[in-house]
Amino acid sequence: METSYDERHNSQQGSKVSSEFRPTVANLPSLTYQALHRVNGTWSLRFISGNCRDLFECDASEVQADVCQLQNLIHPEDREHWEHCIQDAARNAQPWHWEGRTIVPSGQLKWLQIAAHPEPQPDGDVLWNGLLIDITGRKRMEMQLQSSNAVLKQQVDEHAQQLKQKTQELQDLRQLKDTFLRAISHDLRTTILGLLMVVKTLLKHPGETISLSRSILERMLKSSERQLSQLESLVRACNHDSATMLLQCEPIPLHLLIQSIVQDWEPFLAKHQATLTHSIDLHLPPVIADPTQLRRVFEHLLANAAIHNPPGIKLQLNATVESGMLRCTLQDNGVGISQINCDRIFERHTRCPQARYSPGNGLGLYLCKQIVVAHNGQIGVISTPGTGTTFWLTLPLATPIPLELIA
């Protein structure tokens, strides 16, 4: 916008003509003005209300003397839009609306809303009667509302995602429950059916007294023991975890415990054509552990490897001292386990994917972890399908080894 001496003179004359508006607009919470757009493209302000200083931090007379002062206050990012709106309104002589930011001399940012209506003059000039409102407060509330809405949307999305995750977890648990119930019912049903067949066969014998051979009694005893073992596993899983498990700990030479387990499990391993070798150093320091619970861990790992692999599997049991703990590993050359199953194999009621309908209720490895963690140790598995599996666990030593002696 450019002004000349004649335009400023006419503007001053216009101010006198428009003086009757001053009492009306002096107390309005906005700024009113009359701007003249001449046919030669120049602008002049014929009238501007007295609260100009409240909005722009400059007097009305200063703005009337140099209209460019207002344009210079427009925010740089909004100036192009401002100029386009003015040019378009002047060219078409249509009502003008604009909303944007200004930066007053103090550096304060203000949002303005301007509306003006054109009034064509006989000489071709256009008189614009306009209203300018400070909407900074409203804009701040809008931005705060947008920010609050964004936060609320994020919270809603997070809760929706959590709800979706919980729903999926419930579905997974329901599926897991169904799988577990099918497995445990199959295991118990098979055992009970076998026992019933023996009893029914015996009842077919005539007479009040029936003689039983030792082999039949042993079969009935083993069948009952398997049922009892499964039920006890369920009870232990429900009533114990690593935080509440009671241990009777004592120093245990690991090589003696392993030697006893190998002797007791020799018939079982032979039945499954599994070969077990171990290299437990006689001079390894003892561990502090509950012998009954620790034996249960090793026995289950051995049984798990023999049952869930084809005949002829080779097992290797080792133990070393690492970082002040005794680290034991049981390695096999079996079918292996996928990474997905490795990640959840110690969860309750998770059965080995190779198990299918083999005996077991999916609690063995879960209980192993509870026992090891209760000893302040750790347990894990490393496996690749087709190359075998290595279960490892760590146990605290009965007597800590000085750091300089730890390999």
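The values are calculated or read from the model by the stated rules, or taken from the named source; none is laboratory data. As the structure is a prediction and not an experimental result, all values here were calculated from the model. Here the Cβ is made from the backbone with ideal geometry for all residues, glycine too, and neighbour counts use every protein chain on show.
Quick one: which of E266, E299 is of a type outside the set (F, W, Y) and closer than 20 Å to P396 by Cα? Criteria check complete, one pass: E299. Within the stretch 109-120, the residues that satisfy the criterion of being in contact (Cβ under 8 Å) with a residue 24 or more places away in the chain and either surrounded by 13 or more Cβ atoms within 10 Å (Cβ to Cβ) or within 15 Å of H75 (Cα to Cα) (or both) are L109, K110, W111, L112, A116, P118. Inside the stretch 33-64, residues that are surrounded by 17 or more Cβ atoms within 10 Å (Cβ to Cβ) and in a helix (DSSP H, G or I) make up a count of 6.
Under the condition of being surrounded by 16 or more Cβ atoms within 10 Å (Cβ to Cβ) and either farther than 15 Å from I74 by Cα or in contact (Cβ under 8 Å) with a residue 60 or more places away in the chain (or both), the residues counted in the stretch 87-101 number 3. Of the numbered criteria (1) modelled with pLDDT of 85 or more; (2) more than 24 Å from Q378 (Cβ to Cβ); (3) not polar (S, T, N, Q), the one C342 fails is (2). Quick one: would you say I210 is in a helix (DSSP H, G or I), at pLDDT 65 or above and either loosely packed, with under 14 Cβ neighbours inside 10 Å or not charged (D, E, K, R) (or both)? Answer is no for this residue.
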